[in-house]
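A short write-up of the structure that comes next.
The values are calculated or read from the model by the stated rules, or taken from the named source; none is laboratory data. No experiment lies behind these values; they were computed from the predicted model shown. Glycine gets a Cβ as well: all are built from the backbone with ideal geometry, and neighbour counts include every protein chain shown.
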Amino acid sequence: MNGVNYQEGFQGDGSVGQIYMFIYFAVALGVAAYWIFTSQVKFKFELLILCFFLMTNDINEFLTFKIPGLGFFEIKPERALFLTFSFLLFRNWSFFKERSKGNITTMPWFILMVILFVIMKTASQFYHYEQVGGPSKVFTNFLESLNIIVLIYAVQILVTRESIGIIGKSIIFAGVFTAIISVIQVAHDPFFMRIGDLRRAFGPVMRANGIFSSENYNSCFMILAIAWVLYSIPKGALRLLLLGFLSFGVFLTFHRMSYLILMFVLAVYFLMIERIRIERLIVMGLGGICAILLVAILFNREIMNSSVVQDRLAEDQGGRFGYYVMVYNYIGNKPILGYGGKKNAVYYESMLKITREANRATGTTGGIHNSYLSIMFYFGIPAFIFYTAFVLFALLYFGRLATIHIFFSIPLVLGLFYALGGMTNSYLFHRFPSILFAIHIGLGMGARYLKDFFPVPVRKTRTLETQV
């Protein structure tokens with residue numbers, strides 16, 4: 001369980017409330033199994049694995065185990081996904097041949113970009129294999145990146161209207177649960193089922209992680225759940241209750257970028273989908289601003305002394321700007337394959353000068369805090385170009401499809417979070433947001449071939465794709 005930093009002392013005995021987590025595992029598995037095995041979906045086992053993964057998120061790291069005799073190789077939940085869906089893809093490759101009428105070389109542009117990115121990333125790590133951790137580590141890192149491509153294609157095989165409904169209910173279920181845990185963590189016990197980060201918001205209040213390892217992952221998932229609610233729950237009291245509660249959960253994360261993305265998502269939905277008059281939206285926005293100003297006035301001292309403000313006030317050359325300057329100053333020395341990671345003299349000396357912290361200089365904690373610049377520094381400029389093109393082309397792809405059916409706005413929303421959140425966080429391909437994005441890309445690409453979602457003939461949309 002090395003992927004998540006489990007803080008010592010949680011629950012008073014270092015257990016981080018594992019009993020509650022395993023109870024939730026049992027409940028999530030039972031609920032998902034009930035939905036799936038009472039349905040008519042074809043690939044029940046694979047859908048159960050997928051839904052359980054989505055419902056347990058970061059805390060499923062507790063289910064990691066080692067294969068006897070192969071101590072160096074752990075079976076983590078994301079690797080279980082890779083094995084399950086690689087086998088599914090192998091068994092059903094004819095699915096894509098039939099769909100594309102024998103021409104399986106046609107693919108969206110962003111798929112080509114992500115393949116090229118994986119190639120350049122692997123080439124960089126192979127070249128710097130000593131600092132990466134040896135050939136075995138290069139290979140496992142390659143499998144983690146390959147997992148993204150496997151999920152994008154394999155999830156398409158599962159897509160039917162019924163399976164989409166089950167996946168949506170699973171995400172909403174987990175979103176509500178993590179929002180409940182977030183309320184408990186802020187209002188009652190900050191250590192309740194907490195894993196990973198323990199970051200102060202203001203005064204004695206900690207940012208809510210929910211069932212995730214950090215507050216930004218928590219807010220990302222709840223915003224995704226909001227998108228699913230807007231798509232799948234009919235207008236009425238239940239929909240308003242879910243939207244309000246999930247939005248409150250996002251607020252409790254005290255993650256500023258998530259606030260902006262949530263406001264953007266709601267504004268686009270109400271303007272473009274619900275067609276609410278802009279005057280009403282402005283009034284609602286002004287009301288929200290007034291409420292924020294009131295809180296700022298009443299709690300001015302607590303806010304100014306909070307880590308949120310103090311961290312930013314302290315960010316001069318020793319903050320994130322310093323990380324970005326480091327990338328621009330040194331990438332010219334190794335522009336093609338980058339520096340391979342954090343275990344090199346340039347990273348160590350620069351980070352030690354910027355942060356004056358040994359654990360950051362050695363790469364034990366922290367990073368460059370920007371997906372795009374991290375990739376440029378670690379893997380080189382070509383990898384940066386391919387990764388950036390992947391994100392932009394995916395947004396264009398689903399942005400165009402979203403004008404045809406509201407369902408495609410769900411991967412678009414997640415893509416926006418992934419693209420914008422990457423400017424202040426590192427969402428590399430082994431991180432949960434990347435896996436979540438890959439799953440929804442697969443859902444979107446699969447739904448594109450369903451007449452219920454995409455009535456326009458496929459041949460009229462070939463400009464979204466390339467021939468390779």
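Quick look at the values:
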{"item": "Residue within the range 434-451 that is out of contact with any helix residue (DSSP H, G or I) (no Cβ under 9 Å at 6 or more places or on another chain) and either surrounded by fewer than 22 Cβ atoms within 10 Å (Cβ to Cβ) or modelled with pLDDT under 85 (or both) present", "result": "yes"}
{"item": "Residue selected from the range 328-365 under the condition of a type in the set (Gly, Ala, Ser) and either part of a helix (DSSP H, G or I) or touching an Asp or Glu at 6+ places or on another chain (Cβ under 8 Å) (or both), by the criterion nearest to Ala123 (Cα to Cα)", "result": "Gly332"}
{"item": "Evaluation of Ser214 against (1) free of Cβ contacts under 8 Å to residues at least 60 places away in the same chain; (2) small (Gly, Ala, Ser); (3) on the phi > 0 side of the Ramachandran plot (one fails), failing number", "result": "(3)"}
{"item": "Residue match in the range 9-32 (condition: farther than 18 Å from Ile439 by Cβ, out of contact with any Ser or Thr (no Cβ under 6 Å at 6 or more places or on another chain), of a type in the set (A, V, I, L, M, F, W, C) and at pLDDT below 75)", "result": "yes"}
{"item": "Candidate set: the range 212-266, residues that are charged (D, E, K, R) and out of contact with any Asp or Glu (no Cβ under 8 Å at 6 or more places or on another chain); chosen: the one farthest from Ala179 (Cα to Cα)", "result": "Lys235"}
{"item": "Test set (1) under 30 Å from Pro335 (Cβ atoms); (2) crowded, with 23+ Cβ neighbours inside 10 Å; (3) in contact with a Ser or Thr (Cβ under 9 Å, 6 or more places away or on another chain) - Ala154 fails condition number", "result": "(1)"}
{"item": "Residue, nearest to Phe25 (Cα to Cα), within the range 169-200, restricted to residues that are crowded, with 21+ Cβ neighbours inside 10 Å and small (Gly, Ala, Ser)", "result": "Ala174"}
{"item": "Complete set of residues in the range 350-378 that are free of Cβ contacts under 8 Å to residues at least 12 places away in the same chain and of a type in the set (Val, Ile, Thr)", "result": "Thr364, Thr365"}
{"item": "Subset tally (residues that are among the hydrophobic types (A, V, I, L, M, F, W, C), surrounded by 19 or more Cβ atoms within 10 Å (Cβ to Cβ) and either modelled with pLDDT under 85 or farther than 20 Å from Phe379 by Cβ (or both)) for the range 331-363", "result": "3"}
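One line per residue, one yes/no per condition, for (1) modelled with pLDDT of 75 or more; (2) crowded, with 16+ Cβ neighbours inside 10 Å; (3) assigned to a helix (DSSP H, G or I):
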| residue | (1), (2), (3) |
| --- | --- |
| Gly3 | no, yes, no |
| Tyr34 | yes, no, yes |
| Ser39 | yes, no, no |
| Met55 | yes, yes, yes |
| Lys66 | no, no, no |
| Phe73 | no, no, no |
| Arg79 | yes, yes, yes |
| Phe87 | yes, no, yes |
| Phe96 | no, yes, yes |
